[in-house]
Structure formats: C-alpha cells, structure tokens
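The structure appears below as structure tokens.
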Amino acid sequence: MKSVITTVVSAADAAGRFPSTSDLESVQGSIQRSTARLEAAEKLSGNIDAVAKEGVDAVYAEFPEGVSKNIEATIRKDKCQRDVAHYLRLINYCLVVGGTGPLDEWGIAGAREVYRALGINTGAYVAAFTKIRDRICVPRDMSAQAGTELTALLDYLINSLS
C-alpha cells in the first residue's frame, strides 16, 4: 500500500540514493498531520452510513433516475448507497495510512471504464461526493486540519471520477 513513507523510500531506492532533505521533510509533514488524519478517520467511520445516505439523497435530488436507468428505483438507490459507502471506507483507509494507495488501488483504477461499460453515470457519484465535501462543518464535525485532510481526499476522488 502506498503511503508517503513507502513512496519516498521507494523513489530514493529506485534512484540509487538515500532520501533527500526534501523527501524527509515530506515524511515529517505527513507524520505531523497524522493526528488530524486519524481524527477525520474516526469521525468518518462513526457516521459512514449516515454520510453515505446523505450523499445518495443528494444524488437522487439532482439525478432522479439515479446512477442507472436499467434497474428498479429502490435497488438503484441501495446500490448507489453501497458504492458511496465503499468509497468512503476507502477514503477512511487513506486517512489512516496517510496516502492515496487504497483509493488508487481499489477504487479508482479502471472505475470510470467499468461504470461506462455498465451504463452507470459517474456524474451522480461526483454529485454525492461533492455534497459530502460541502457539508463538512468545522468545528462542529471536526477540527480545521482534519477537515482539510478529508476534503483533500474527497477532491482527489471527485477529480478522478470527473
């Protein structure tokens, strides 16, 4: 799984050198932000189903047909909520490890192509994650730094599905 530390060490090893000062500063920054990432992961994991439901409700407000027109409406909504919760779990893993590895490996690689092949509208997922991102309230939900860490990963996912 990719994290800042494994990425830095792998890059330096591949180049046949020791990690540079800027490499080590990158690792240090990641370690300093770890408390905020873990706070965001804790808050997200405690409410993951409610957050996913809120995101899906936003999808169905914007896209009444949901993500796929070929399936019954209730099943569509349940499957959409399942997928949104899955992506939120991957974001939670990313917050814990301090990198985008879980999201890259299990959520993004080939996702757009699979969704297109199945006739699923990725715009609906983008709408759900945008609603979730815009709903984060600092300091009610979490600290400013924790909100920044979570927002950055949501933006990463939104951009990859766009």
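The values are calculated or read from the model by the stated rules, or taken from the named source; none is laboratory data. Bear in mind that the values here come from a model prediction, so they are computed numbers and not experimental data. Heads up, the Cβs are rebuilt from the backbone with ideal geometry, glycines too, and the neighbour counts pull from every protein chain shown.
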Screening Gly119, Gly66 for residues that are modelled with pLDDT under 90, small (Gly, Ala, Ser) and touching a Cys at 6+ places or on another chain (Cβ under 7 Å) leaves only Gly66
Mind listing whichever residues of the stretch 103-162 are outside any helix (DSSP H, G or I) and hydroxyl-bearing (Ser, Thr, Tyr)?
Ser143, Ser162
Scan the stretch 42-52 and give yes if some residue there is modelled with pLDDT of 85 or more, part of a helix (DSSP H, G or I) and closer than 16 Å to Tyr156 by Cβ, otherwise no.
yes
Please verify whether the stretch 72-86 includes one or more residues that are closer than 19 Å to Arg37 by Cα and at pLDDT 80 or above.
yes
Selection within the stretch 1-36 - without any contact (Cβ under 8 Å) to a residue 12 or more places away in the chain and outside any helix (DSSP H, G or I)
Ala15, Gly16, Arg17, Phe18, Pro19, Ser20
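One line per residue, one yes/no per condition, for (1) without any contact (Cβ under 8 Å) to a residue 24 or more places away in the chain; (2) more than 25 Å from Ser30 (Cβ to Cβ); (3) in the same structural domain as Ser45 (by TED's automatic domain parsing); (4) surrounded by fewer than 19 Cβ atoms within 10 Å (Cβ to Cβ):
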{"residue": "Ala85", "(1), (2), (3), (4)": "no, yes, yes, yes"}
{"residue": "Ile132", "(1), (2), (3), (4)": "no, no, yes, no"}
{"residue": "Val138", "(1), (2), (3), (4)": "yes, no, yes, yes"}
{"residue": "Ser143", "(1), (2), (3), (4)": "no, no, yes, yes"}
{"residue": "Thr151", "(1), (2), (3), (4)": "yes, no, yes, yes"}
{"residue": "Asp155", "(1), (2), (3), (4)": "yes, no, yes, yes"}
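Please go through the stretch 98-114 and give me each residue that is touching a residue at least 40 places away in the same chain (Cβ under 8 Å) and either under 20 Å from Gly55 (Cα atoms) or surrounded by fewer than 19 Cβ atoms within 10 Å (Cβ to Cβ) (or both), ordered by number. First the steps, then the outcome.
From the stretch 98-114, those touching a residue at least 40 places away in the same chain (Cβ under 8 Å) are 98-105, 107-108, 111-112; that's our starting set.
Across the stretch 98-114, the qualifying residues are Gly101, Leu103, Asp104, Glu105, Gly107, Ile108, Ala111, Arg112.
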